Amino acid sequence: MKKVLVIGLNNFGAHIAKSLREYGTKVTGLDCVAEHLQKARDYLDHSLTGDATDRFLLEKLSVKDFDGVVVAIGTIDTNILVTMTLRDLGAKSLIVRASSDNHCRLLEQMNVFDIVYPDRDAATRAGKTLSMRNVLDYIPLAGEYVVMNIHPPKSFTGKNIRDLQIGARFQCQILGIKYGQGDRNWKADAPEWENMKIAPTANDVIPENSTLIFLGKKSDLQKIQDLD
């Protein structure tokens, strides 16, 4: 089981911890505010109240023994100082939250390239999804290929994948089905992955209240979006 250290357990860090825990990762949380750790307690295997800028504290934690470290601190100067110390101590798979474009550039100059910039990333994703019909999420791949979450057209619902002939008609592939609330396969309070079927078979029927995960060219997926 992987072990990850999350530094900063306010909103962003708590969501990271929750996601890691749902996927079976052991999570240790470090924050100088005990209330943040208390709110995130359900997602933490271990927690420690302390100042992450204290080099001795990070040395005592043996940060290099973790499979990954997430710096989720929002204050830029503290974020930079903690990131520098973690690099010096040999932390692996360092992922750092950025708060501005300048912050991103500073991190890149420190050779940190696993950067999460929530405001920019959320805005970019929202712009793409809002500009495309029936698209709920969008991940660009190489060239024109994308992974796209699309609400199924009415003509798809109630039919199995074999009868729809997705590959022959649209030159793309269904990677998975996300079941929505109200569907018989949907489980309340379950993590997202438990409400999905990855690599569905040709006999799987498309539910009305679902999202389809497609792999294909953007131009081909546009044909599906234009149906109905």
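The values are calculated or read from the model by the stated rules, or taken from the named source; none is laboratory data. What you are looking at is a predicted structure, and each value in this text was computed from that prediction instead of being measured. A quick note on method: Cβ atoms are made from the backbone with ideal geometry, for glycine too, and the neighbour counts reach across all protein chains shown.
Based on what the data block shows, is Lys92 modelled with pLDDT of 85 or more, more than 16 Å from the chain's Cα centre (by Cα) and not polar (S, T, N, Q)?
Yes; evaluated as a whole, the condition is true for this residue.
Among the residues of segment 89-122, write down those that are part of a helix (DSSP H, G or I) and farther than 16 Å from Thr78 by Cβ.
Asp101, Cys104, Arg105, Glu108, Gln109, Pro118, Asp119, Arg120, Asp121, Ala122
Is it true that Leu48 is among the hydrophobic types (A, V, I, L, M, F, W, C), over 14 Å from Val69 (Cα atoms) and part of a strand (DSSP E or B)?
Working: among the hydrophobic types (A, V, I, L, M, F, W, C): yes; over 14 Å from Val69 (Cα atoms): yes; part of a strand (DSSP E or B): yes.
When the stated conditions are applied, Leu48 passes them.
Results for (1) of a type outside the set (Ser, Thr, Tyr); (2) surrounded by 18 or more Cβ atoms within 10 Å (Cβ to Cβ); (3) modelled with pLDDT under 85; (4) part of a helix (DSSP H, G or I), shown as yes or no for each residue.
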| site | (1), (2), (3), (4) |
| --- | --- |
| Arg133 | yes, no, yes, no |
| Ile139 | yes, no, yes, no |
| Pro153 | yes, no, no, no |
| Asn203 | yes, no, no, no |
| Leu212 | yes, yes, no, no |
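Among the candidates Gly29, Gly24, Gly74, which residue alone is modelled with pLDDT under 95 and either in a strand (DSSP E or B) or over 17 Å from Val116 (Cβ atoms) (or both)?
Gly24
May I ask you to verify whether Val82 is over 21 Å from Pro191 (Cα atoms), among the hydrophobic types (A, V, I, L, M, F, W, C) and modelled with pLDDT of 95 or more?
When the stated conditions are applied, Val82 passes them.
Quick check on this structure: which one of Gly216, Gly176 is in contact with a Cys (Cβ under 6 Å, 6 or more places away or on another chain) and part of a strand (DSSP E or B)?
Gly216
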